[in-house]
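Let me begin by presenting the structure, written as structure tokens, before commenting on it.
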Amino acid sequence: MTEGNPCGMSGPFKDHFSAQAPDYARYRPNYPAELFAWLADIAPGHSIAWDCGTGSGQAAVALAAHFDLVIATDPSADQLAHAQPHAKVSYRNTAAESSGLDTASIDLLTVAQAIHWFELEHFYAEAKRVLKPRGIIAVWTYTLLDVEAGVDALIADFYRNVVGPYWPPERKMVDDRYRSLPFPFETIAAPAFSITTEWSRDDLLGYLGTWSATRACMKDKGVDPLPALERRLVPLWPERDRRKRLRWPLHMRIGRVK
């Protein structure tokens with residue numbers, strides 16, 4: 001689930017996230033269990049799943065409940081160093097386009113919040129090579145969270161106007177909810193899934209601090225933009241330990257190898 005570029009085929013690996021890998025592992029939300037149960041149900045088998053661009057392994061560990069083995073790859077060694085260990089998850093430091101996996105060996109390939117960084121032509125060729133006949137590829141993203149109207153407006157302003165100029169251009173595909181993503185597979189309609197969690201104000205600020213644009217803004221200006229946002233949040237969320245319900249709708253592209 002990294003935002004960083006897990007490919008490196010058409011140029012140097014653009015690592016946006018190794019510096020904050022511990023925060024990434026701590027503050028990134030977990031995906032719904034129902035998503036992985038549904039993906040396992042439509043997969044042709046349950047031997048091996050490949051979670052590509054795994055980051056700190058949130059999706060990989062969830063897949064382990066349904067597959068004999070989950071191979072989780074990422075080009076960031078720092079991200080993998082903070083991934084959650086699991087007996088059925090094999091973490092490997094490698095690029096998306098050169099997985100080293102056996103041909104026709106994978107039942108399900110997942111990419112959580114990362115495919116917009118890939119060199120798509122080479123990655124799709126690798127996906128078609130390693131997936132079994134009728135194997136499933138599932139990619140998804142999420143954009144801004146929903147809390148409550150006033151908080152949502154402040155986060156949207158922070159996203160667009162405070163750190164907005166610091167988002168890499170690939171982020172536009174996320175804002176488009178992957179509708180413009182080339183996807184050369186037999187399309188499968190997906191149910192609606194959302195991430196939901198309950199966080200304190202500090203949890204929310206920790207999450208916003210994992211954004212690559214937040215870090216780039218801080219580096220450029222020499223000032224952390226989050227304290228100013230927190231001052232604006234306090235009237236709406238005065239108790240820092242009070243937990244509120246947060247929701248991120250998932251935007252998915254699901255396909256089957258023809």
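Answer yes or no as to whether residue 173 is without any contact (Cβ under 8 Å) to a residue 60 or more places away in the chain, closer than 24 Å to residue 127 by Cα and aliphatic (A, V, I, L, M).
yes
Can you pull out every residue in the range 54-74 that is surrounded by fewer than 23 Cβ atoms within 10 Å (Cβ to Cβ) and either assigned to a loop (DSSP other than H, G, I, E, B) or among the β-branched types (Val, Ile, Thr) (or both)?
61, 64, 65, 66, 68
Can residue 230 be described as in a helix (DSSP H, G or I), in contact (Cβ under 8 Å) with a residue 24 or more places away in the chain and either farther than 26 Å from residue 116 by Cα or among the polar types (S, T, N, Q) (or both)?
For residue 230, the condition - in a helix (DSSP H, G or I), in contact (Cβ under 8 Å) with a residue 24 or more places away in the chain and either farther than 26 Å from residue 116 by Cα or among the polar types (S, T, N, Q) (or both) - is met.
Name the one entry in 250, 205 that is crowded, with 17+ Cβ neighbours inside 10 Å, of a type outside the set (Ser, Thr, Tyr) and either without any contact (Cβ under 8 Å) to a residue 40 or more places away in the chain or on the phi > 0 side of the Ramachandran plot (or both).
205
Applying the selection to the range 112-124, what residues are assigned to a loop (DSSP other than H, G, I, E, B) and more than 12 Å from residue 55 (Cα to Cα)?
Listed by number, the residues that qualify are 118, 119.
List the residue pairs whose Cβ atoms are under 6 Å apart, where the first residue sits in the range 87-111 and is of a type in the set (Gly, Ala, Ser) and part of a strand (DSSP E or B), the second is modelled with pLDDT under 95 and buried (at least 21 other Cβ atoms within 10 Å of the Cβ), and the two are 6 or more positions apart or on different chains.
Close Cβ pairs (under 6 Å, with a partner that is modelled with pLDDT under 95 and buried (at least 21 other Cβ atoms within 10 Å of the Cβ)) do not exist here.
Here are some residues: 164, 209. Which one is under 23 Å from residue 79 (Cα atoms) and either of a type outside the set (Phe, Trp, Tyr) or modelled with pLDDT under 95 (or both)?
209
Can you say whether residue 239 is among the charged types (D, E, K, R), surrounded by fewer than 19 Cβ atoms within 10 Å (Cβ to Cβ), at pLDDT 95 or above and outside any loop (DSSP other than H, G, I, E, B), as far as the supplied structure shows?
No, not satisfied.
Say we look at the range 127-169 and pick out the residues that are under 25 Å from residue 236 (Cβ atoms) and of a type in the set (Val, Ile, Thr); which of these is nearest to the chain's Cα centre (by Cα)?
Going through the qualifying residues, I end up with 143.
Take the residues in the range 124-179 that are among the small types (Gly, Ala, Ser) and crowded, with 18+ Cβ neighbours inside 10 Å, then tell me which one is farthest from residue 39 (Cα to Cα).
Selected residue: 127.
The values are calculated or read from the model by the stated rules, or taken from the named source; none is laboratory data. Note that this is a predicted model, so its numbers are computed, not measured. In this analysis, Cβ positions are derived from the backbone assuming ideal geometry, glycine residues included, and neighbour counts consider all displayed protein chains.
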